[in-house]
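These notes are about the structure you will find just below.
A short reminder: the numbers here are calculations on the coordinates, not readings from a lab. Remember, it's a predicted structure, so these values are computed and weren't measured experimentally. We place every Cβ from the backbone using ideal geometry, glycine too, and count neighbours over all the protein chains shown.
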């Protein structure tokens, strides 16, 4: 498997002179299998535009384009690039879009494909010449229709329904765990007049259990791509409940789960290249990692598994 990062930011694109090194596009990851030839795309943030342009240069001449797009969730920063994915406008392109939905009234096609309407975009979804199938996805195993890849999904902790993906192919494992934050005991509020000690004890057990289930999900992964939008200090000060993980927690959880390589993503849009370099120097070179590789992902980075 070859993994390439086309967008690594969270929340909103942030191009500019201070984000050149790590990039300013929102989440999009390309995963290629050479045998058999498969193109898998995780998230359709603004980074998918450049991926689409690259596909047109390097893949279009080989025949019709087939791709599977896996959306972690439908927040704007993870779907905003979809209308600008050039292969959608090419006759013969076949795309399957997998992803979770939280709304009872809107389908995955309504939410993602609905961006291509005159209110938002000059070309309507109905006018596209490509073939697009939308497949609403839930927690558990997913049948992709081919045996060489095993895919398992896991619900994460985010303000909207969000999936982590675990891809297994020929003994290798690549996992995603974003957007998510550690499960908390919401009943641990001794100062609240309605505080109930028995509820607090039960809440602590449930939070611990849910965090363990997430850890089990990415246990032993050759590559884990994990949310790390904030430092622990920032998270505890004002970001709890926002649906993102402090980077120190992500590193510790990955290490305890026996992950071989950890790529930290969903970088805070306010972080400059200099800031991320400082964090990288502090967190990625520690002797406490005990052999686990940790990197802050950047646009253009490639990892072969």
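Between the Cα long axis of helix 273-283 and the first principal axis of the chain there is an angle of about 50°, rounded to the nearest 10. Segment residue 288..residue 301, full-extension length gain: 2.2 nm, with 0.36 nm per residue of separation and the alpha-carbon distance subtracted.
Taking the number of Cβ atoms within 10 Å of each Cβ as an exposure proxy, the fewest-first ranking of 102, 215 is 102, 215. Exposure proxy for 118, 178, 165: other Cβ atoms within 10 Å of each Cβ, ordered fewest to most, give 118, 165, 178.
Using 0.36 nm per residue and subtracting the Cα-Cα separation, the extra length available between residue 120 and residue 232 on full extension is 36.6 nm. For the chain, a Gaussian network of Cα nodes joined below 10 Å ranks 134, 120, 271 by mean-square fluctuation, and the top entry is 120. The protection proxy used here, the mean number of other Cβ atoms lying within 10 Å of each residue, ranks peptides 1-9, 223-231, 104-112 as follows, highest first: 223-231, 1-9, 104-112. Every Cα-Cα pair of the stretch 18-113 was included, and the share exceeding 16 Å stands at 56 percent. In the stretch 18-42, which residues have a backbone nitrogen under 17 Å from the label point lying 7 Å from residue 133's Cα in the Cα-to-Cβ direction? Residues passing the 17 Å test: 38-41. Rounded to the nearest 10 degrees, the inclination of helix 197-217 to the longest alpha-carbon principal axis of the chain is 40 degrees.
Considering only alpha-carbon pairs that sit under 8 angstrom and 6 or more positions apart, the relative contact order computed for the stretch 2-297 is 15 percent. Between 15, 122, 182, the GNM of the chain built on Cα springs shorter than 10 angstrom shows 122 fluctuating the most.
Go ahead and run the numbers for FRET between residue 53 and residue 32, Cβ-Cβ distance against an R0 of 22 Å, rounding to 0.05. FRET efficiency, residue 53 to residue 32: 0.85. Dividing the mean sequence gap of close Cα pairs (under 8 Å, 6+ apart) by how many residues the stretch 224-266 holds gives a relative contact order of 57 percent. A protection proxy built from the mean count of other Cβ atoms within 10 Å ranks the segments 137-150, 76-89, most packed first, as 76-89, 137-150. Computed over the chain, the P(r) tail beyond 24 angstrom holds 53 percent of alpha carbon pairs.
Of all DSSP bridge pairs formed entirely within the stretch 2-297, close to 45 percent run antiparallel. Inter-label distance, residue 91 to residue 105: 3.9 nm, where each label sits 7 Å from its Cα along the C-beta direction.
Using a Gaussian network for the chain with springs between C-alpha atoms less than 10 Å apart, which of these wobbles most: 203, 258, 243? Fluctuation is largest for 203.
By the helix-only formula, in which each DSSP H run with n ≥ 4 contributes -39500 (n - 2.57) and the sum is divided by residues, the chain has a 222 nm mean residue ellipticity of -6000 deg cm²/dmol. Placing dummy labels 7 Å off each Cα toward the beta-carbon, the span from residue 240 to residue 188 is 0.8 nm.
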